[in-house]
Amino acid sequence: MKKTIALRIDVDTYRGTGRGVPVLCEILAKYNVSGTFYFSVGPDNMGRHLWRLLKPAFLWKMLRTDAAGLYGMDILLMGTAWPGPRIGKHHADVICRVAAAGHECGFHAWDHHYAQARLMTMSEAAMRKELSRGVKALTDICGTTPRTSAAPGWRANDQLLRVKQEFPFLYNSDCRGGQPFYPVVDGEKLSQLQIPVTLPTYDEILGRDGVTDDNYNTRQFSLLKEDELNVLTIHAEAEGGRCAPMFDDYLKTVLDHGYRVVTLGSIAEEVADSAPAGKMVLAEFPGREGVLAVQETK
Ligand SMILES: [Zn+2]
């Protein structure tokens, strides 16, 4: 696949949906580019991440990425003292406009915070419930069933992949890795294609190896592979907020260099017949806490 970037936009919070998504839609429209948005539609309890400040690794990450400046104090406090607002209920119009603008709308989470913290230790029944609630809410908003999903924080395991098979997803983006593949679980090749994210996110590389806001785009650009599919994840809270001008520059640069920027859905169509089988494993990942789902390399 020549000079291709599949663009994935994760939307984790109330503010990211209300403020970040419209900003990103404007930037994408300016360059006539479509992306795949993954929405969180239940309560915004992301502020509960605050308790994790007790862990030194998380505190370091907050300082390294200036989380308060990036996300805003209201996000950091959301859901800590009172139940978080239901994002899908308050911002249904935003989500509808994304679909109307020709972007792809996928399912990210019901309760992003809860799913990110617990999804991997949930029973099969609890996973099913979490997904059902969210997929129903997103279906009610969009009027169509989402055909793709992406696990929050790439916290996914084989059990989750199996549960997802019960939903009408055509493909998912639950892990980090290289090229699209059909996951094999207990010796069985699943029918839902997996499109791994190949590039790091802003918060993963900022503050590491000399990466600053000034050289971030240069570093991101240097990681692109001309002959293979590139999959980039941006966040409505970051690239739709403080990092919006930087993301605008990035898009301009990659398009000027002849890259095409497309939805994950169009990639899924292109590789549906040719993608190989593969495995998803759990591993530590640079810039992230704990383990997450990674495509197995042989
Ligand atoms: Zn997320």
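Nothing in this text is a laboratory measurement; each read-out follows from the coordinates by a stated rule. These numbers were taken from a predicted model, which means no experiment stands behind them. Reconstructed Cβ throughout: ideal geometry from the backbone, glycine too, with neighbour counts over all protein chains shown.
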Quiz item: Over the chain, what is the mean sequence separation of C-alpha contacts under 8 Å (at least six apart), divided by residue count, expressed as relative contact order in percent?
Solution: 28 percent
Quiz item: What is the distance in Å between the Cα centres of region 180-254 and region 92-128?
Solution: 19 Å
Quiz item: From Cα coordinates alone, what are the radius of gyration and Dmax values for the chain in angstrom?
Solution: 17.8, 50
Quiz item: Which number comes out as Rg/Rh for region 144-298 once both Rg and the Kirkwood Rh are worked out on C-alpha atoms?
Solution: 0.97
Quiz item: Within region 129-168, whose backbone N sits under 16 Å from a point 7 Å along Cα→Cβ of residue 184?
Solution: 158
Exercise. Multiply the residue separation of residue 31 and residue 93 by 0.36 nm, subtract the distance between their alpha-carbon atoms, and state the gained length in nm to one decimal.
Key: 20.0 nm
Quiz item: Can you count the Lys pairs in the chain whose Cα atoms are under 14 Å apart, with each pair 8 or more apart or on different chains?
Solution: 9
Quiz prompt | Pair residue 226, residue 165: separation of 7 Å Cα→Cβ label points (nm) | solution = 4.1 nm
Exercise. Report the label-to-label distance for residue 1 and residue 253 in nanometres (one decimal), using points 7 Å from each Cα along the Cα→Cβ vector.
Key: 2.1 nm
Practice problem: Within 10 Å, count the other beta carbons around each residue, average over each peptide in 174-180, 197-203, and list them highest first. | Solution: 174-180, 197-203
Quiz item: What ranking, highest mean first, results for peptides 33-46, 213-226 when packing means the other Cβ atoms within 10 Å averaged over each residue?
Solution: 33-46, 213-226
Quiz item: Relative to a virtual label point 7 Å from the Cα of residue 218 in the Cα→beta-carbon direction, which members of region 241-285 show backbone nitrogen distances below 17 Å?
Solution: 246-247, 249-251, 253-254
